[in-house]
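The values are calculated or read from the model by the stated rules, or taken from the named source; none is laboratory data. Small disclaimer: the values here were computed from a predicted structure and weren't measured. All Cβ positions, even for glycine, are placed from backbone atoms using ideal geometry, and neighbour counts span all protein chains on display.
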Amino acid sequence: MSRITPLLAVVVLAAACQTQAQPALTPAPSPSPHTLPTAAVLQPADLPTGLNPCPINGPFDAYLTALAAANPAVAATASTAWAGLRNAGAASGAISIYSTDPSACSADMGAASNVKSATSFVAEFADPGEADRAWGTGVFGFAPPAVGEVIPGVTRGTATGLGLSSFTYIRTPVLLASWHRSVFVALIVTNLVDVTAFNAATTAVDARLN
């Protein structure tokens, strides 16, 4: 009897330890969903007053359909460029164009030289590596200069304020920024827009590229 009693005490103590409440596991937070390209492109509040949105703004595939009716030549060029980005891994894209004159809505980017306008494009890729490689090969014909190459008006890298994979072209009346951030590639081209407003526009878009 004297040998059994201590043994029972050990068993009871072990059972009690096993039934004590264990701390609840805290699930790992889910990553925030990426911004949709349609929400990442330039919005009216990002630009000076007087620049009006074009009716064909939105998802890039829908834009191409509308553009084909208005300017087949520009649509064909844009379709080829978009196909290249698709082949590079782009899953979706969007465009927004703002202008003081409707003629810029169906013109090539920056081609309406006598019209004040701002065009933005954002494409989303499966991962940052795909996006960076696509940016490096060029977006709609706008390719970054080689590292160390000096071109008047062109700045590449962190000095742009848009990250390592970025370049800007600042020679009025045309201003341009192309960059990679997260899973996105972004492009902004403005005409007759001052540098302060251009910088504010790029900052606004960049902040939405999560």
Which of the residues that make up region 46-79 are touching a residue at least 40 places away in the same chain (Cβ under 8 Å) and assigned to a helix (DSSP H, G or I)?
Asp46, Phe60, Ala78
Is there a residue being modelled with pLDDT of 95 or more, surrounded by fewer than 14 Cβ atoms within 10 Å (Cβ to Cβ) and among the hydroxyl-bearing types (Ser, Thr, Tyr) anywhere in region 49-71?
yes
Is one or more of the residues making up region 86-96 out of contact with any Leu (no Cβ under 7 Å at 6 or more places or on another chain), part of a helix (DSSP H, G or I) and at pLDDT 95 or above?
yes
With the structure loaded, tell me whether Thr190 is touching a strand residue (DSSP E or B) at 6+ places or on another chain (Cβ under 6 Å), among the β-branched types (Val, Ile, Thr) and under 22 Å from Leu47 (Cα atoms) or whether it fails that test.
yes
Is it true that Thr155 is free of Cβ contacts under 8 Å to residues at least 24 places away in the same chain, in contact with a Ser or Thr (Cβ under 8 Å, 6 or more places away or on another chain) and more than 26 Å from Ala126 (Cβ to Cβ)?
yes
For region 163-177, what are the residues that are closer than 22 Å to Gly89 by Cα and touching a Ser or Thr at 6+ places or on another chain (Cβ under 7 Å)?
Leu164, Ser166, Phe167, Ala177
Which strands (runs of 3 or more DSSP E) sit wholly inside region 112-210 and have at least 1 residues that are surrounded by fewer than 17 Cβ atoms within 10 Å (Cβ to Cβ) and at pLDDT 95 or above?
154-156, 166-171
Go through region 99-111 and give me each residue that's hydrophobic (A, V, I, L, M, F, W, C), within 29 Å of Ser182 (Cα to Cα) and assigned to a loop (DSSP other than H, G, I, E, B).
Met109
List, please: which pairs have Cβ atoms under 9 Å, are six or more places apart or on different chains, and start with a residue in region 128-139 that is polar (S, T, N, Q) and end with one that is modelled with pLDDT of 95 or more and surrounded by 15 or more Cβ atoms within 10 Å (Cβ to Cβ)?
Thr137/Gly84; Thr137/Ala88
